[in-house]
Amino acid sequence: DAGITQSPRYKITETGRQVTLMCHQTWSHSYMFWYRQDLGHGLRLIYYSAAADITDKGEVPDGYVVSRSKTENFPLTLESATRSQTSVYFCASTPDEGRDQPQHFGDGTRLSIL
Amino acid sequence: TQLLEQSPQFLSIQEGENLTVYCNSSSVFSSLQWYRQEPGEGPVLLVTVVTGGEVKKLKRLTFQFGDARKDSSLHITAAQPGDTGLYLCAGEGTSYGKLTFGQGTILTVHP
């Protein structure tokens, strides 16, 4: 089915470990985004990508790394996880069809760092 | 950095009551989007307002974009338990495709 898929849905890991969250979309949308959602903060942008091999920092990029070798995939890596990175992470995509396009979100990954 | 202040953060009301959620900024946005999010799911777009002063209606929901394109509101008439959820406003500013989100409003409508 067409859409945007995140995996895993749930992840528990320990501080200092590396963890990668996956995001895959089937629409061939140009733009992809990673957000974290914490109570009282809404959605905060971590990184975004305008196309394959083009990425840029968002509001809260520290401690995260992204790559985009293919249009459909946009993995997010926490190189050395910290407790403050416990959060719900959402991936989103939007087409390059002019301004004011909606973003389409995955169902999120709930990450707990012990 | 563009900021969107959304209020209230929590809203608990009885079925049949009316409510308004506000989204305010000191920055101008090219458009304002409203999303609704259910538990365990990602946000889903409700509406996009683009023109200053624009009003859009979606059944019992009325969305307004301020004349100066710095603020927006969501009004729900005769709320129902099915309206329960997290409502998020998001503005597209100077950076193409990037959205700035408000903090969200958790709405609970009691039967």
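What follows is calculated from the coordinates using simple rules that are stated; it is not laboratory data. Remember, predicted model here, so these are calculated numbers, not experimental data. All Cβ positions, glycine included, derive from the backbone under ideal geometry; neighbour counts span all protein chains shown.
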- Message: Quick check on the stretch B:96-111: of everything there that is more than 9 Å from chain A (Cβ to nearest Cβ) and not β-branched (Val, Ile, Thr), which residue is surrounded by the fewest Cβ atoms within 10 Å (Cβ to Cβ)?
- Response: B:111
- Would you say residue B:21 is touching a Phe, Trp or Tyr at 6+ places or on another chain (Cβ under 7 Å) and either in contact (Cβ under 8 Å) with a residue 12 or more places away in the chain or not in a strand (DSSP E or B) (or both)? yes
- Message: Could you check the stretch A:20-40 and list, in sequence order, the residues that are in a strand (DSSP E or B) and free of Cβ contacts under 8 Å to residues at least 60 places away in the same chain?
- Response: A:20, A:22, A:24, A:34, A:35, A:36, A:38
- Would you check if residue A:9 is within 14 Å of another protein chain (Cβ to nearest Cβ) and surrounded by fewer than 19 Cβ atoms within 10 Å (Cβ to Cβ)? yes
- Query: Give me the pairs: first residue in the stretch A:41-68 and within 22 Å of residue B:43 (Cα to Cα) and within 14 Å of chain B (Cβ to nearest Cβ), second residue crowded, with 19+ Cβ neighbours inside 10 Å and of a type in the set (Lys, Arg), beta-carbon distance under 8 Å, and six or more apart or on different chains, which are they?
  - Reply: A:43/A:36; A:44/A:36; A:45/B:98; A:46/A:36; A:48/B:98; A:49/A:68; A:58/B:98; A:60/A:36
- Task: Read through the list (1) more than 11 Å from the chain's Cα centre (by Cα); (2) over 30 Å from residue B:8 (Cβ atoms), then give the number of the only condition that residue A:32 fails.
- Result: (1)
